Structure formats: structure tokens, C-alpha cells
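Below: the structure, in C-alpha cells.
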Amino acid sequence: MDVRFLNPFISAAYNVLLEEAGVTAKRGEVKVDEFYYTSEEITVLIGVTGSVRGLVLYGLSQGTAIRLVSTILGKKIPYFDSLVESGIAELGNEIAGGATSELEANGYPCRISPPTVLLGKGVIISTVNIKGVTVPLETEFGPIQIVIALREESSER
Amino acid sequence: MVQGSTKVLVVDDAMFMRVRCSKLLSENGYSVFEAENGEQAVKKYLELKPDVVLMDITMPVMDGLAALTEILKNDPNAKVIMCTALGQQSVALEAIKSGARDFVTKPYKPEKLLRAVEMATSDRSQ
């Protein structure tokens, strides 16, 4: 996948995690995943349409999600509930919003869909003909996987 | 810290954003009320007459722009601050042209959000 589409999502993830939760993320080894991704306990899915199109996924454990949202809200949340679900979806939305804003500034105007949250580990998600790249981020709250499966609208599959 | 009589209506379909904004504002002395969509926001505006409305743009049932128009129809002096994700600034500017007082961009910086609300409330008499 074109690195011009990858970097905005990585830098937006760094920014949002730092600004929202004060967390510094460290990038692991990027993997090309072909067309399938196996879900984590929590997976946020956001569609991208426009001059760049496809799907962006964020996968993390319930524990990581709870720790992140607890830190942002400044209160201890004991278990995964609709508030944590909403918070993780919003973080995904903010990362995708920041990234697509940068893509637009670089000449690739695009829009994002509202986030969808998949609850359950081990579900195979197909990005259907758009090859995905997995970027693992290590944080003090646990790992977060970002899968970016995007292509330029006019390009050949 | 602000006087508790200053009422802010927080409108967002995301529970997390409502909880977060409400916590920040109530910790800073505001009386906070919540609505989950534009339609609820219009009803609560008429019922509560808040001093400031923090209005998300993309929401189900009735979006933020439509709710802004409805509120201004009923109260042309309403102080509505639009809340927008990065990449939606053009919509926020459209809202400003339609009568919104200001806009703040997500992710919110607490001090920016508080300043926007304070600025809007500072001309309450207008």
C-alpha cells in the first residue's frame, strides 16, 4: 500500500493517544496482512470513501480499552461497558479524522464513516481486494493494532 | 471557576463525549445538561434556556446544523458552539455563517473548550 496513505494514520494515532491520554506509543514492526485480519477483543471499524477508499481497523483488548478511557475521563472504570465502547469508538474517530484531514491537505479528499465496534476476538474480517497493513503500537496500557487497508480510488486493484 | 447558574447544554450522540464534556464543565462550576441528538437538543433548549450550547455536527435523528437552525429560529440570540472532528471544518464554517458563535475541534483541549464557553457566556446580555 502507498506509504502516503499509511503515515497520516500512524502520526494521527500518536497525536490522539498523546493528547487524549498522555500516552506515548511506540511503533512495532509493520506487517503486510493480505486481505484478512483477525479481530481482537475490541475492534473499531471505520470506512473511508473519496479519492482514497477502504477500511481502517483498530484492535485492542478490553483491559487496554478500559485503562485508556479511565485515564481520559480521570476516573476508574471497573469493567467494559457502553461508556468504554463509546470512548474507544471516539478515539478511532479522532484518529481517522486527523488522518483524513492530512490526506485532504495532501490532495486526497476523503470522508470517514461513523465508527462501528466489533466485540469479540477471533472473527476474520475481509477487506475485500484491498490489501491491509498492520501497524502494532505498544503503549503503557497495552498493545493497539491499527490495520489500514486503503487504495486510491482511481488506481487498479 | 464559574458561577453554578451558568447553564450549558452538551449535545453529542457519543456517550463518552457527553460524559467527558459534562465532567469538565461541572468541575469548572457550570450547570450541565445533556442531549443525544439535535431533536432532543431543540426540546431541551426551549425547556431549559441554557446560556450556551455545545453542539456536535454529525448526529442521528437531527444533525447539528439543523438543530442550530431550529434553535436560532426560536431564539436568535442563542449562543451555540459547534463541535467538529478534524476534516469537518468546512461544515463548522457553514455553521458560523448560519449563526453559530464559535467552533471547537476534536480532540478537545480542555482549556480551549472552557475558553470557548467562557467567551460565549461573557456576552450573555446581548
message: For region A:91-132, give me the residue count where each residue is on the phi > 0 side of the Ramachandran plot and either within 15 Å of the chain's Cα centre (by Cα) or among the hydroxyl-bearing types (Ser, Thr, Tyr) (or both).
response: 0
- line: Just one listed residue, out of B:106, B:79, is within 27 Å of residue B:29 (Cα to Cα), crowded, with 17+ Cβ neighbours inside 10 Å, basic (Lys, Arg) and under 11 Å from the mean Cα position of the chain (by Cα), and it is B:79
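What are the residues in region B:39-56 that are under 21 Å from residue B:94 (Cα atoms) and either within 14 Å of chain A (Cβ to nearest Cβ) or under 11 Å from the mean Cα position of the chain (by Cα) (or both), if any?
B:41, B:52, B:53, B:54, B:55, B:56
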- prompt: From A:74, A:97, A:132, which residue is surrounded by 13 or more Cβ atoms within 10 Å (Cβ to Cβ) and either within 14 Å of another protein chain (Cβ to nearest Cβ) or at pLDDT 95 or above (or both)?
  reply: A:97
message: Of everything in region B:44-58, what is charged (D, E, K, R) and assigned to a helix (DSSP H, G or I)? Give them in sequence order.
response: B:44, B:47
- request: Go over the candidates B:25, B:65 one by one and state the one that is surrounded by 17 or more Cβ atoms within 10 Å (Cβ to Cβ) and within 14 Å of chain A (Cβ to nearest Cβ).
  value: B:25
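If we keep just the residues of region A:105-128 that are part of a strand (DSSP E or B) and either of a type in the set (S, T, N, Q) or surrounded by fewer than 12 Cβ atoms within 10 Å (Cβ to Cβ) (or both), which is nearest to the other protein chains (Cβ to nearest Cβ)?
A:116
The values are calculated or read from the model by the stated rules, or taken from the named source; none is laboratory data. Keep in mind that what you see is a predicted model, and the values were worked out from it rather than measured. Cβ sites come from the backbone with ideal geometry, for glycine too, and all protein chains shown count toward neighbours.
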